[in-house]
1. So what's the back-of-envelope 222 nm ellipticity for the chain, counting only DSSP H runs of four-plus at -39500 (n - 2.57) apiece and dividing by all residues, rounded to 500?
2. For the chain, what relative contact order do you get, as a whole percent, if you take Cα pairs closer than 8 Å and at least 6 residues apart?
3. How much FRET efficiency would the formula 1/(1 + (r/R0)^6) give for residue 130 and residue 193, where r is the Cβ-Cβ distance and R0 is 22 Å, rounded to 0.05?
4. Taking the dipole about the Cα centre of the chain, with the C-beta of Lys and Arg at +1 and of Asp and Glu at -1, give me whichever of 40, 144, 121 is farthest to the positive side.
5. Excluding residue 171 itself, what net charge comes from residues whose Cβ is under 13 Å from its Cβ, given Lys and Arg +1 and Asp and Glu -1?
6. Relative to the present Cα-Cα distance, how much length would full extension add between residue 6 and residue 120 at 0.36 nm per residue of separation?
7. Please list, in order along region 20-31, the HN-Hα scalar couplings obtained from phi with the Karplus expression 6.51 cos²θ - 1.76 cosθ + 1.60 (θ = phi - 60°), rounded to whole Hz, x for Gly and Pro.
8. Could you give each residue of region 61-69 its phi-based ³J(HN,Hα) in whole Hz, using Karplus coefficients 6.51, -1.76, 1.60 with θ = phi - 60°, and x for Gly or Pro?
Amino acid sequence: MSSKASKFDLVISGVGGQGAILASDIIGRSAVIENYGVRAAETHGMAQRGGSVVNHVRIGCDLGSMIPLKGADCLLALEPVEALRYIDSLADDGVVIMNTEAVYPVTVTTGKAQYPDVESIVAELKKTHRVIAFNATEKAAEAGSRQAMNVVLVGAVSNFLPIKTETLLDRVKEMVPPKTIDTNVKAFEMGRSMVE
């Protein structure tokens with residue numbers, strides 16, 4: 001193992017339908033295969049598409065499954081406002097990895113609310129944390145499918161996890177639909193290269 005810690009607390013936030021569960025399952029199963037203790041918690045209703053979703057994944061942890069406030073090593077945000085919503089989960093020296101593509105809630109699409117400017121969200125987060133922000137949805141489209149955005153972000157966070165890249169890639173191949181394997185492998189590698 002390189003300089004990566006053997007304990008790693010990850011908060012994954014997004015909106016329903018973005019693939020937060022698959023992202024946490026890929027990471028959690030990979031950690032189990034490498035003999036880490038893993039605790040995970042999903043704290044919001046997933047079925048409600050468009051609703052706020054947050055998963056806690058604790059690698060090498062024998063405590064509870066919920067990461068305490070300011071306890072996460074990384075916040076993996078599949079959506080910009082969800083990065084803001086869960087920033088309190090992140091330790092002061094933690095890193096934010098976020099998709100800059102917005103998912104507009106009904107209140108915005110119907111004109112009842114305004115969506116904040118994504119650049120100002122990034123700037124706000126950068127005041128307090130290291131932020132790796134890029135359009136993961138566009139990268140996924142380049143790889144072959146916008147639906148692979150969550151795998152792009154798993155690729156990005158793989159640079160920080162105490163898990164071998166091959167183990168993560170094997171789980172991706174195992175857990176995505178067979179006809180999308182090549183696209184998802186490409187998506188993972190594109191995400192990984194956004195950090196290196």
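1. Details: 8 runs with 74 residues, N = 196.
About -11000 deg cm²/dmol.
2. 21 percent
3. Working: r = 18 Å, r/R0 = 0.80.
The formula returns an efficiency of 0.80 here.
4. 40
5. Working: positive: 29, 164, 173; negative: 25, 34, 166, 170, 174.
Once positives and negatives cancel, what remains is -2.
6. Details: separation 114, 0.36 × 114 = 41.04 nm, distance 3.40 nm.
Extending this stretch completely gives an extra 37.6 nm.
7. Values, residue by residue: 5, 5, 4, 4, 6, 5, 4, 5, x, 5, 4, 5 Hz.
8. Result, rounded to whole Hz: 10, 10, 8, x, 7, 8, 7, x, 3.
No value in this document is a laboratory result; all are computed from the given coordinates. What you are looking at is a predicted structure, and each value in this text was computed from that prediction instead of being measured. Glycine also receives a Cβ, built like all others from the backbone with ideal geometry; neighbour counts cover every protein chain displayed.
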